[in-house]
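See below for the structure under consideration.
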Amino acid sequence: MKGAAYAKVFLLDAPSALDRPFDYRIPEHLSGLVCRGSLVFVPFSAANKKRMGLVIEVCDYTESERTKDIIDVNLRVTFSEEQLAMCDFLKEYTLCTTGDAVRTVAPPLSALKSATNEKSVVYVRRTDAEFSPHGEKQKALYFALTDEFLPASELYERTGAGSAQLKALKAAGAAEVRLESVWRNPYADIKVDESRKNVLSAHQQKAFDTLCSLYDADDARCALLYGVTGSGKTRVMKAMIDHAVKSGKGVIVLVPEISLTPQTVGLFCSFYGDRVAVLHSSLSAGERYDAYRRIDAGEVDLVIGTRSAVFAPMKNLGMIIIDEEQEHTYKSDMSPKYHARDVAAFRLGRAKGLLLLASATPSVESYFKAKSGTYELVELTERYGSARLPEVYIDDIRKNALGGNLSPYGNLLNEKLRETLEGGDQAILFLNRRGYNAFLSCRDCGEAVLCPHCSVSLTRHKHGKNDTLLCHYCGYRSPIVSVCPSCKGEHLAFMGYGTQKVEEEFYEKFQGTIMRMDADTTTKKSAYDDMLARFRAHGADVLLGTQMVAKGHDFPDVTLVGVLNADSTLYMDDFRAGERTFSMLTQVIGRAGRAEKHGVAVIQTMNPQHEVIRLAAAQDYKAFYERDIKLRKAFTFPPYCDIAVFSITSLSETDCSKCAVEIFEFLKKKTANEYKNVPIISFGPFEATVYKIDERYRMRIVLKCRRSKQLLKLFSEVVCTFGTAKYKNVTCGVDINPTGI
């Protein structure tokens, strides 16, 4: 059909089987408003339900005999060509739907309903009109007005008046009111510190010069900045940001945890002021939306944020820095299952910019690429200034138990913590388990008390005088039980300990103050910023926490780090267990002695001879890498292959198991025929590590493979075939190179 304007629209809520463009007619009143990249509202299905969609093409012809009209267009967000390219990349690289890609590339999209009203400040001044005020508050407000515009909020505070009095003055012509839009920016109060200098050591200058030569090359490049903890990687990064901004380009800096944002933002805002924008999930919808608009308007040189900030609409992008690049939080575990590093590489490939990865414990895959020449390896091998690596003690806590000490605080840690507190210094205690006790166990049958909705044990939490059992997966809560649900035995005992118990025992043993930082104490919006600022200002002697205290922080008065249970991640059912344990220990040890004071670290473990723990204590990353890369080569794990995991979930255990078997057979048949040139080694199907979560059963199929267009085409066939109505009771998805198997 010709003679009218038509748009090809992808629906944002369509499943994989319907993820294709549908033709819609552009009505005359929307002519000129709908273009490629527009978000539109369209009727869909026989019921004409209103759906949102993305326009990928506008044309004057359609082969469809019956087309419906577009209802409306969202004028707040229009996707640029780069954003559309990122959507295409995500769809191809992760096999997600268009809707998932769109919602990821434009995070404020989900917040538009609550962020439509821009924040305005009311300003008031007196007019020349004659007026006789009535009432005390009205008089006070009227005589407080001047010929200059003043903020209404300030006038209200000074006079005790309110909006009713201002409204009366405005109606009488005695006051002129002006509305002025302001950006919602929670970091706007951080001022530029002109006295702050970024002085590089000779070692850092050499690294900076190497990175500058890469940045100035007219081509896309990637470098790995590897440096021991405390070597001053941030100083080199700051110098590189200066270099990029001076050349007229923008920079994105990614951090792995929201808890690291306050420190990073505080540092860079003190250098760049309001030319910095921040993006992370703890911001309000309005704050994220305004940050997005500031970036899109070109008012920002530097964007700081967590994983999703990699999609910030920086128009003249020159560099993306990924700090602590080894962290698993850079990989999304929800569709689209992208890695921030891959998206960054895609964007900088188009922009011909520099991707800078930085870490004291790089991922084995990244260091392998650096050693093989794919990345440029830039090293910092010594701490900045007079700071030295901390002295590390490995404490066998089995000996403590034999001596009658069953406390989380072993004898050695007890001694070192007392010395630290008496000396007026600070300490960090790391335990990767929140709650009070790990689980409740029956001494008769040996079973732990499980969540009724998940196949995991319940964790004891204390809330004042109230004790509850909590599931960390689905949030189920239960009172403390006195009878075993399995055997009805009455001999129950709490086992293990979490951060709450460690906090409680601290006050029983030591004279000092402790601050607990975990998922239970950081629920409020500004919790991270407030707690870290208070600790830095000596609001507490000890900072106790989970992974959020283990990396990236720089507290000059912290001289002691205690790792309460170094074995918690060592024996996980994953080929990366050793790497994660080494990285975690190395990072948290590195928080001690980062200034002039001597640092000490105590690692409590039941496996003091384990090679990973000993290498972490020695801060010997290169020796660890040589050990781990040999194992990976011998057993064919990344970087010598890619790992793909098909996840099958269902409320029905039978349907879940049946679908998993069918997918396995489907893959087997396809790779024996039209995809016989695609090398795959299949394992499964088998139960997931946590078999049931929130009543949904979970099966896995694990594949060793090599990412290619043919492989992605095969996986796409699987997702589409098992995403049809026939399998409506089952959800199937694929994750390539997940953070865990």
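The values are calculated or read from the model by the stated rules, or taken from the named source; none is laboratory data. Everything quoted here is computed from the prediction, not taken from an experiment. Please note: Cβ atoms are built from the backbone with ideal geometry, for glycine as well, and neighbour counts cover all protein chains shown. Heads up: the accessible areas ignore ligands, DNA and RNA and are worked out on the full protein's heavy atoms, side chains in. Shrake-Rupley method; radii C 1.70, N 1.55, O 1.52, S 1.80 Å.
Here are the numbers:
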quantity	calculated
Any hit, region 69-78, residues being open to solvent by less than 80 Å² (accessible area, probe 1.4 Å) and more than 37 Å from the chain's Cα centre (by Cα)	yes
Sole exception among (1) hydroxyl-bearing (Ser, Thr, Tyr); (2) closer than 21 Å to residue 329 by Cβ; (3) out of contact with any Asp or Glu (no Cβ under 6 Å at 6 or more places or on another chain) for residue 226, by number	(3)
Residue in region 13-23 that is open to solvent by less than 40 Å² (accessible area, probe 1.4 Å) and farther than 29 Å from residue 728 by Cβ present	no
When residues of region 435-453 are limited to those that are in contact (Cβ under 8 Å) with a residue 60 or more places away in the chain and either among the β-branched types (Val, Ile, Thr) or part of a loop (DSSP other than H, G, I, E, B) (or both), the one most open to solvent (accessible area, probe 1.4 Å)	453
Index of the failed condition, residue 593 passing every other in (1) in contact with a Pro (Cβ under 7 Å, 6 or more places away or on another chain); (2) at negative phi	(2)
One residue from 389, 357 being out of contact with any strand residue (DSSP E or B) (no Cβ under 9 Å at 6 or more places or on another chain), touching a residue at least 40 places away in the same chain (Cβ under 8 Å) and not charged (D, E, K, R)	389
Residue tally, condition open to solvent by less than 60 Å² (accessible area, probe 1.4 Å) and under 19 Å from residue 518 (Cα atoms), over region 463-489	7
Selection status of residue 617, over 27 Å from residue 714 (Cβ atoms) and over 27 Å from the mean Cα position of the chain (by Cα)	yes
Residues within region 397-428 that are in contact with a strand residue (DSSP E or B) (Cβ under 9 Å, 6 or more places away or on another chain), open to solvent by less than 30 Å² (accessible area, probe 1.4 Å), touching a residue at least 40 places away in the same chain (Cβ under 8 Å) and in a helix (DSSP H, G or I), tallied	3
Those strands (runs of 3 or more DSSP E) lying entirely in region 676-740 with at least 3 residues aliphatic (A, V, I, L, M) and either closer than 24 Å to residue 451 by Cβ or without any contact (Cβ under 8 Å) to a residue 24 or more places away in the chain (or both)	681-693
Selection count where residues are of a type in the set (A, V, I, L, M), open to solvent by 70 Å² or more (accessible area, probe 1.4 Å) and within 22 Å of residue 610 (Cα to Cα), scope region 627-659	2
Members of region 719-733 found to be aliphatic (A, V, I, L, M) and either open to solvent by less than 30 Å² (accessible area, probe 1.4 Å) or closer than 24 Å to residue 93 by Cβ (or both), listed by number	719, 730
Within region 536-553, tally of residues that are over 16 Å from the mean Cα position of the chain (by Cα), among the aliphatic types (A, V, I, L, M) and either open to solvent by 10 Å² or more (accessible area, probe 1.4 Å) or modelled with pLDDT under 85 (or both)	1
Answer residue from region 341-370, given it is part of a helix (DSSP H, G or I) and charged (D, E, K, R) and is least open to solvent (accessible area, probe 1.4 Å) among those	347
Of residues in region 165-193 being more than 45 Å from the chain's Cα centre (by Cα), open to solvent by 70 Å² or more (accessible area, probe 1.4 Å) and of a type outside the set (Lys, Arg), the one farthest from residue 135 (Cα to Cα)	176
In region 495-535, residue least open to solvent (accessible area, probe 1.4 Å) [restricted to those that are of a type in the set (Lys, Arg) and modelled with pLDDT under 90]	525
Residue, nearest to the chain's Cα centre (by Cα), within region 104-134, restricted to residues that are modelled with pLDDT of 85 or more and surrounded by 17 or more Cβ atoms within 10 Å (Cβ to Cβ)	104
Output for region 289-299, where each listed residue is within 16 Å of residue 254 (Cα to Cα) and either acidic (Asp, Glu) or open to solvent by 10 Å² or more (accessible area, probe 1.4 Å) (or both)	292
Residue among 321, 304 that alone is in contact with a Ser or Thr (Cβ under 9 Å, 6 or more places away or on another chain), within 23 Å of residue 352 (Cα to Cα), outside any helix (DSSP H, G or I) and open to solvent by less than 40 Å² (accessible area, probe 1.4 Å)	304
Residue within region 196-218 that is over 30 Å from residue 286 (Cα atoms), open to solvent by less than 30 Å² (accessible area, probe 1.4 Å) and of a type in the set (S, T, N, Q) present	yes
